[in-house]
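Worksheet: one structure, shown below.
What follows is calculated from the coordinates using simple rules that are stated; it is not laboratory data. The structure presented is a predicted model; accordingly, all values stated were derived computationally and were not measured. Every residue, glycine as well, gets a Cβ built from its backbone with ideal geometry; the counts of neighbours run over all protein chains shown.
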Amino acid sequence: MTDALKAAGPDEPPVISEAAALVRGKRSRRRVRTVLKHGVLVAVCLLMLYPLLWMVASSLRPNSDIFTSSGLFVDTFDFDHYPNGWDALSYPFSTYLLNSFLVVLGSVIGNLVSCSMAAYAFARLDFRAKRLTFVLMLLTIMLPIHVLIIPQYVFYAQLGWINTYLPLIVPKFLATDAFFIFLMVQFIRGIPRELDEAARIDGAGHVRIFGQIMLPLMIPALATTAIFTFIWTWNDFFTQLIFVTKPDLYTVPVALRSFIDAQSTSDFGAMFAMSVVSLIPVFLVFLFGQRFLLRGIATTGGK
């Protein structure tokens, strides 16, 4: 650039070198690509959020306008769907929310306790057929729930657990979610073994090492497990529909299905309103746990 200015005469305009023009061209193309990339991301984000936004808008429309308008703007607001939907079923909707919270709480505690202990055993202990057991545990991830639901139902029926929350909570305390075990195993493998050896020199056993060293370091993985367990259990419809058939024991997904009746008029406005209410706990959990979720996913498997 300086050489180009010197080469130009006093009455001649400064000449920009080809290198400087090339740099400016690269910067312009980079800016264009960045704008296009962000534009595509915004468009995809709006496309994914459209069903959710449409459901929120439909919960505020009269029933006659729900399926006649595909837009997101509401011309006539009808807030009666929320109080009507709250008391539309056999029990207030708060009953179903409490039922879901009970199932979710038991599932989260069960997965945190059992999966963390199983992961520590696979990552730090040496026992016979360890690799074979680990492989068999991973193979259970590929089994769909539809394959297991019939033998599970027969087994729980013989125990008298049908129409209770035991089939939904007790298996969580037996480390049945192999995905979370694998996630924690990968996380523990990234923790230096020198910490274990130092604690063992001080006389600590596996119980103290697990409770006082591993668990505090596993907070990101534990938070990830808790968040995913909350979301998956809260949204679970199939297993809760199979094992719970009493209306007073319905969880939120099963209760929402009750708004649709094939033999009478379905109250879609009330169903959409209660669907919005049911999404609030999931949104809050994801909002406040996003930091731990990103840390848990980013550090899992790192060495």
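So if I restrict to the alpha-carbon atoms in the chain, what is the Rg, and what is Dmax, the biggest pairwise distance, in Å?
Looking at the chain, its Cα Rg and Dmax stand at 28.2, 101 Å.
If the chain between Ser17 and Asn63 were fully stretched, how many nm would it gain, using 0.36 nm times the residue separation less the Cα-Cα distance?
Details: separation 46, 0.36 × 46 = 16.56 nm, distance 6.78 nm.
Stretched out fully, the Ser17 to Asn63 stretch lengthens by 9.8 nm.
Taking R0 as 41 Å, what's the FRET efficiency between Phe101 and Arg131 from their Cβ-Cβ distance, rounded to 0.05?
The pair Phe101/Arg131 has a calculated efficiency of 0.55.
Quick one: Asp202, Asp248, fewest Cβ neighbours within 10 Å first, how do they rank?
Asp202, Asp248
Which value at 222 nm does the chain reach when only helices count, each DSSP H run of 4 or more adding -39,500 (n - 2.57), with the total divided by all residues and rounded to the nearest 500 deg cm²/dmol?
-21500 deg cm²/dmol
Using C-alpha positions alone, give me the convex hull volume of the stretch 143-295 per residue in cubic angstrom.
155 Å³
Please check: in the Gaussian network model of the chain (C-alpha springs, under 10 Å), which one of Phe180, Phe286, Phe73 has the largest mean-square fluctuation.
For the chain, modelled as a Gaussian network with Cα springs under 10 Å, the answer is Phe73.
For Ala118, what is the net charge nearby, where nearby means another residue's Cβ is under 13 Å from its Cβ and Lys, Arg count +1, Asp, Glu -1?
So the surrounding residues net to +2.
First obtain the Kirkwood hydrodynamic radius of the stretch 63-148 from its Cα pairs, then insert it into the Stokes-Einstein equation at 10 °C and 1.306 mPa s, and state the resulting D in µm² per second as a whole number.
Rounded, D is 86 µm²/s.
Return the Cα extents of the stretch 138-194 along principal axes one, two and three, sorted largest first, each rounded to a whole Å.
48, 21, 12
Fewest first, what order do Ile145, Ile227 take by the number of other Cβ atoms within 10 Å?
Ile145, Ile227
When a footprinting reagent is the concern and you count Cβ atoms within 10 Å, what order do Tyr153, Tyr120 take, fewest first? Can you show the working numbers first?
Values: Tyr153 16, Tyr120 21.
Going from sparsest to densest Cβ surroundings: Tyr153, Tyr120.
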